[in-house]
Amino acid sequence: MKKKYQGVVVPLVTPLTEGYQLDRAAVEKMIANLQASNAMPFVLGTTGESSSLPTSLKKAYVLEAVRLKSADTILYAGISSNCLEESVEFANYCFDVGVDAVAATLPSYYALSESQMKQYFEQLADQLNGPLIIYNIFATTRMSIPLPIVDELSFHPNIVGIKDSERSTERLHEALALWANRPDFSHFMGWAARSADALLRGSDGLVPSTGNLLPAIYRDMLKAVQEGDEDKAYGYQSQSDVFGHLYQAGRTLGESLWALKVLMQEYNLCGTTMMPPLQALSTSEETDLKIALAELVEKEEIQL
């Protein structure tokens, strides 16, 4: 069963000039990198520093991504905000200019009860002019949307899937038991370390930040799963793990995003400017990262 929303969806970094404007030339290179591996772009997610960006920059990024969209591309955009009205307005702007689906986390300033979580997504979805993906990410919101709540929301006509980044194997298995065979609701795995497991158990797609650098790993993993080759799928998982470890290990989430941009700069995809409050780390750390990347690419025999 091939669902409308599936496959490899890469949560793109937001490439910035030194003056904190959108680096349009970099957007073009990044999207071309995805297109070469049949991966779909997801702009303005966690990896895209979305909570730190002004609306003008967000709109510029969406317009650029729409301009570069090929006919067979499904373009996703993040609309998360602590203000419901802002999320609705931005989502409908996205739909108006050509985005295919939007994703939203919970507002994260106040701790919410289960009933507030459910009502929030209902109020949001009711006002949207297109499809919404629920984005569950405990690492930033400090809340977990219970699966029974997601399941109730999954029958809303505008809610078409979930991107789940929570690090729980038990939750993953329970989610796939609920939705793997639901033709109208998609499950996207946002926990890169369990990508192969998720796909082999029936998840519809992956949202891996490492796909900014190496989207082909995930394209090939998905193909191996479709062909029933578990060993090959786990081989690609191991490549995903070593490259993810390279920029994530020992760093906060924000620091890892800078490190990812450093790796991308090595392949002329984008620069390393971060939007405050996130900042670059030291020059020596940048040098160490670049050396480690070169060694890893050689060891893994990756074609970039």
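The values are calculated or read from the model by the stated rules, or taken from the named source; none is laboratory data. Owing to the predicted nature of the structure, the values given are computational and were not obtained by experimental measurement. Cβ placement follows ideal geometry from the backbone for every residue including glycine, while neighbour counts extend to all protein chains displayed.
For the reader, a short list of remarks on this structure follows.
- The residues of the range 199-215 that are assigned to a helix (DSSP H, G or I), more than 13 Å from Gly7 (Cβ to Cβ) and aliphatic (A, V, I, L, M) amount to a single one, Leu200.
- Identity of the residue in the range 219-255, of a type in the set (Ser, Thr, Tyr) and within 15 Å of Leu200 (Cβ to Cβ), that ends up surrounded by the fewest Cβ atoms within 10 Å (Cβ to Cβ): Ser238
- Subset of the range 10-27 that is assigned to a helix (DSSP H, G or I) and either surrounded by 15 or more Cβ atoms within 10 Å (Cβ to Cβ) or polar (S, T, N, Q) (or both) - its residue that is farthest from the chain's Cα centre (by Cα): Arg24
For (1) part of a helix (DSSP H, G or I); (2) basic (Lys, Arg); (3) touching a strand residue (DSSP E or B) at 6+ places or on another chain (Cβ under 9 Å); (4) in contact (Cβ under 8 Å) with a residue 24 or more places away in the chain, each residue gets a yes or a no:
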| residue | (1), (2), (3), (4) |
| --- | --- |
| Arg194 | yes, yes, no, yes |
| Arg219 | yes, yes, yes, yes |
| Leu222 | yes, no, yes, yes |
| Gln237 | yes, no, no, yes |
| His245 | yes, no, no, no |
| Gly254 | yes, no, no, yes |
| Gln265 | yes, no, no, no |
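- Just so you know, in the range 65-93 the residues that are surrounded by fewer than 18 Cβ atoms within 10 Å (Cβ to Cβ) and of a type in the set (D, E, K, R) include one that is modelled with the lowest pLDDT, and it is Asp72.
- Screening Ile149, Ile162, Ile133 for residues that are assigned to a helix (DSSP H, G or I) and among the hydrophobic types (A, V, I, L, M, F, W, C) leaves exactly one candidate, Ile149.
- Count of the range 28-52 residues which are surrounded by fewer than 19 Cβ atoms within 10 Å (Cβ to Cβ) and either in a loop (DSSP other than H, G, I, E, B) or aliphatic (A, V, I, L, M) (or both): 4
- The residues on offer are Gly228, Gly271, and the sole one that is on the phi > 0 side of the Ramachandran plot and either touching a Phe, Trp or Tyr at 6+ places or on another chain (Cβ under 7 Å) or of a type outside the set (Ser, Thr, Tyr) (or both) is Gly228.
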